[in-house]
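Below: one structure, written as structure tokens.
All of the numbers you see were taken from the coordinates with simple rules; none came from a lab. Given the structure is predicted, the values throughout are model-derived calculations rather than measurements. Note that we place each Cβ from the backbone using ideal geometry, even for glycine, and neighbour counts take in every protein chain shown.
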Amino acid sequence: DAGVIQSPRHEVTEMGQEVTLRCKPISGHNSLFWYRQTMMRGLELLIYFNNNVPIDDSGMPEDRFSAKMPNASFSTLKIQPSEPRDSAVYFCASTRDGNQPQHFGDGTRLSIL
Amino acid sequence: QKEVEQNSGPLSVPEGAIASLNCTYSDRGSQSFFWYRQYSGKSPELIMSIYSNGDKEDGRFTAQLNKASQYVSLLIRDSQPSDSATYLCAVRYSGNTPLVFGKGTRLSVIA
């Protein structure tokens, strides 16, 4: 079975540019989570969706961040405009209902110059 | 504020020893508990889940849960250098809510 698929794996761009991160959850999973990981703050939840509906976006740091889930098999996280402090590894994870664990994608390593 | 606390380490153990990793959580009503392993530059990988008080064993790994003390631990027997990684404790408080992660404990197994 395919796991959670994220793209791109690495992104290097200049400050002010728009960045779009993509995620395909595991088929049959109906919850999707976007996390950011840094050395200082660890894994931070940015936003999560249940059945394609955003449930809690309180972790989104600023209005520059937005996320969408147009269907059950695709989600995007967009940063516009990007800033150097956005540099981090961004993970997408998915899970089925109930007490099941979350499964992570390989992450996108984002560097904003 | 729901919190999960872990000692950041590093925890250093000799090869073949038992590594003991600990985690406490703040919400007494928490329902499910997970341990993830994360190698440097990689994504978190699930290694154990536990839902009820007591011990759960899987190969060299044993998860222990004590809900009265709000305490979860992971024991790694016969530690190997390949076990060197950061171990993340994660807790789900209810229903279909996201996991809350600790900041992780870095384990170093010395050959």
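Computed quantities for the displayed model
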{"item": "Net length gained if the chain between A:M39 and A:I55 were fully extended (0.36 nm per residue, minus Cα distance)", "result": "3.1 nm"}
{"item": "Chain B, relative contact order [Cα under 8 Å, separation at least 6], %", "result": "38 percent"}
{"item": "Semi-axis lengths, Å, chain A, gyration tensor of Cα atoms, sqrt of 5 times eigenvalues", "result": "23, 14, 13"}
{"item": "With at most 11 neighbouring Cβ atoms within 10 Å, loop trypsin sites (Lys or Arg not before Pro) (DSSP) excluded, longest segment of chain A", "result": "A:42-113"}
{"item": "DSSP-loop trypsin sites (Lys or Arg not before Pro) across the stretch B:1-84, with at most 14 other Cβ within 10 angstrom", "result": "B:K2, B:R28, B:K42, B:R60, B:R77"}
{"item": "Table column - 3J(HN,Hα) (Hz), the stretch B:83-94, Karplus curve with 6.51, -1.76, 1.60, x for Gly and Pro", "result": "7, 5, 5, 9, 10, 9, 8, 9, 10, 10, 7, 6"}
{"item": "Evaluated at q = 0.12, 0.18, 0.21, 0.29 Å⁻¹: base-10 log I(q)/I(0), Debye formula over Cα of the stretch B:7-71", "result": "-0.36, -0.81, -1.06, -1.40"}
{"item": "Pairwise centroid distance, computed over Cα atoms, of the stretch A:84-106 with the stretch A:15-63, Å", "result": "7 Å"}
{"item": "Förster radius 41 Å - calculated FRET efficiency between A:F74 and B:Q70 (Cβ-Cβ, nearest 0.05)", "result": "0.60"}
{"item": "Linear extension gain, B:E5 paired with B:Y51, 0.36 nm per residue minus alpha-carbon span", "result": "14.7 nm"}
{"item": "Loop-resident sites, the stretch A:7-113, for GluC sites (Glu not before Pro), counting at most 13 other Cβ within 10 Å (DSSP)", "result": "A:E14, A:E18, A:E62"}
{"item": "Contact order normalised by residue count of the stretch A:19-94, Cα under 8 Å, 6+ apart, percent", "result": "41 percent"}
